[in-house]
1. Quick check on region 214-257: take the gyration tensor over C-alpha atoms, sort the square-rooted eigenvalues as a ≥ b ≥ c, and tell me if it's rounded (a/c under 1.5), prolate or oblate.
2. Does region 136-200 come out rounded, prolate or oblate, given a ≥ b ≥ c as the square roots of the eigenvalues of its C-alpha gyration tensor, rounded meaning a/c under 1.5 and, failing that, prolate meaning a/b above b/c?
3. Using θ = phi - 60° and the Karplus relation 6.51 cos²θ - 1.76 cosθ + 1.60, list the HN-Hα couplings for region 221-234 in order, rounded to whole Hz, with x at every Gly or Pro.
4. Under a 1.4 Å probe, what is the accessible area of the chain per residue, stated in Å²?
5. At a 1.4 Å probe, what is the % contribution of carbon and sulfur to the accessible area of the chain?
6. Tell me, Kirkwood radius of region 135-272 from alpha-carbon pair distances, in Å?
7. For region 182-221, what are Rg and Dmax over the alpha carbons, in angstrom?
8. With axes computed from alpha carbons, what is the tilt in degrees of helix 2-21 against the longest principal axis of the chain, rounded to the nearest 10 within 0 to 90?
Amino acid sequence: MKIYFLLFAIFFLFITTLSAQQPTLFKLWETDTLLTTCESVFYNAKQKLLYVSNIEGVPAAKDGKGSISKVGLDGKIINRNWVTGLNAPKGLGLYKNTLWVNDIDELVAIDIKTGTITQRVKIEGAKFLNDLTISKKGVIYTSDSDMKKVFQVKDGNVSTYLENFRRPNGVLAIGKDLYILDSGKLLKANNDKQLTTIAEGMLGSTDGIERVSASEFIVSSWGGAVYHVQTNGTVQQLLDTQALKINLADIGYDAKKRIVYVPTFNKHTVVAYELR
């Protein structure tokens, strides 16, 4: 009898410890509903603010309605129309003092000091540029969900880096590796472009990805979910907004304070959650 009691106690302690270690999201704030069709959030640690891309129309229409907003870390909108005249801006990335933005079939460079567009890089053959990431050396990787490719922009030269995906979206460059979200899967491409599957089983509309630690990622799905993903393949759902019909797009992340910034797309807000 004592043995059974001891085994039960050990099992209970194991379950309790495991539950205590499971990450959760705690809501901190939500912006006003002024960020029309907000698709991507980028956290600028140096300036202590967020950049938010607003499609403001059809996701693939060249209508000139798109914009970039500045939002404070308290959720207050600093400048709703910081940059205007874009089409359907989506993924964002920062290198030095330049904010790069995906805009359907081109990359747009914005000087963050002046808020002016300084360059446009046409991606020949592109149809639906979605997410982008920039390596420490300034190499840009951008996914094209419709063309099922990932393009590379290096020293001004554009090339196809990887192709034949199902529908790639979120990309994240870490060292010599490139992490790619592709229809519910997290893939890793090494320096030789060899692909391995890190995790799977998420909603098919996987969207944004940020790294929490060497073995952990936060992943969003446009269908309405946020996941905690580990390199051992473990996937835990942290947030589910499907029943509320709230889409969750390309997330931003403050690694120091462990805050996840989630754009709600058609709900027109950004929500901040603390990862605990």
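1. Working: a/c = 2.70, a/b = 1.50, b/c = 1.79.
In terms of gyration-tensor shape, oblate.
2. Oblate, because a/c is 1.5 or more while a/b does not exceed b/c.
3. 10, 4, x, x, 7, 10, 10, 9, 10, 10, 5, 7, x, 6
4. Dividing the accessible area of the chain by its residue count gives 49 Å².
5. 52
6. Details: mean 1/r = 0.0657 Å⁻¹.
Kirkwood hydrodynamic radius for region 135-272: 15.2 Å.
7. My reading of the Cα-based Rg and Dmax gives 10.5, 28 Å.
8. Here the helix axis deviates by roughly 10 degrees.
The values are calculated or read from the model by the stated rules, or taken from the named source; none is laboratory data. Note that the coordinates shown come from a computational prediction; the quantities given were computed from them, not determined experimentally. Neighbour counts are summed over all protein chains in view; Cβ atoms, including those assigned to glycine, are modelled from backbone coordinates with ideal geometry. Ligands, DNA and RNA are stripped out before the accessible areas are found, and what is left, the full protein with its side chains, is counted by its heavy atoms. Shrake-Rupley method; radii C 1.70, N 1.55, O 1.52, S 1.80 Å.
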